[in-house]
Amino acid sequence: MAYNEHLKLLSAGVASWNAWRKQDTTLSPDLSGANFSGLDLGGVDLSNASLNNANLFGANLEGADVSRAYLHGANLGNANLSDADLRKSDLTRANLVGANLTGTKLSHAVLNEADLSKRNFSKMDLSGANFYRANLEEVDFTGANVEGAFFGEARLHMANFLKANVRGANFLNADLRDVYLKDCELANVNLTGANLGGAFLPARLRFARFFGAARRAS
């Protein structure tokens, strides 16, 4: 349950809310379970806030600072997250269907079990992000930076990693059927237990770990 005083402060407007946040940058506002559906929260400072199970469906969060926030189970469907800062935020089981992620900063974010199928992450910085059991089928990672990202048990069927930086990524037990990794340097990449059926892989595999992987690759 959100803290009523925090809800009142935010309802007074983004400008006054941000001014209040600047007074104590160590504060972690509690807005869990709150309903912000359809609201204009562009540029709002929600860093370190608790927004677990909050309803942000269709909300405008363009340019918002939501870094290090807790959004476990939050509804961000159709939300505008363009140019928003979500670095190090916990988006476990969050609904991101239809959300605008153009220019969104997601490095080191936790996106466990999120449905991100068919999204365009080309040239985005997703380094260190956690995609455990996420649905990433047919996602375009062209030119993206996923260095050190964790894709354990993720569904990546037909994902495209053309010229992506996958150095140090962990694909433990991931579904990599028909995935395109042909132009990638697989340095220190963990493919243990991954299903690589039909995958397009580099002719020269350097320092990649394949222990237990199904390597029916093209």
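Structure notes:
- The number of residues in the stretch 7-60 being in a helix (DSSP H, G or I) and hydrophobic (A, V, I, L, M, F, W, C) comes to 8.
- Residue, nearest to ASP175 (Cα to Cα), within the stretch 119-131, restricted to residues that are in contact with a Phe, Trp or Tyr (Cβ under 6 Å, 6 or more places away or on another chain) and either of a type in the set (A, V, I, L, M, F, W, C) or in a loop (DSSP other than H, G, I, E, B) (or both): PHE131
- So ALA94, is it farther than 21 Å from ARG155 by Cβ and in contact with a Gly (Cβ under 7 Å, 6 or more places away or on another chain): no
- Selection count where residues are modelled with pLDDT under 85 and surrounded by fewer than 18 Cβ atoms within 10 Å (Cβ to Cβ), scope the stretch 185-208: 6
- Between ASN78, ASN52, the distinction of being touching a strand residue (DSSP E or B) at 6+ places or on another chain (Cβ under 6 Å) and under 17 Å from LEU96 (Cα atoms) belongs to ASN52 only.
- Scope the stretch 96-118; condition more than 9 Å from the chain's Cα centre (by Cα), in a strand (DSSP E or B) and either at pLDDT 95 or above or small (Gly, Ala, Ser) (or both); matching residues: ASN100
The values are calculated or read from the model by the stated rules, or taken from the named source; none is laboratory data. As the structure is a computational prediction, the values presented were derived from the model and not from experiment. Counting neighbours? That spans all protein chains shown, and the Cβs are built from the backbone with ideal geometry, glycine included.
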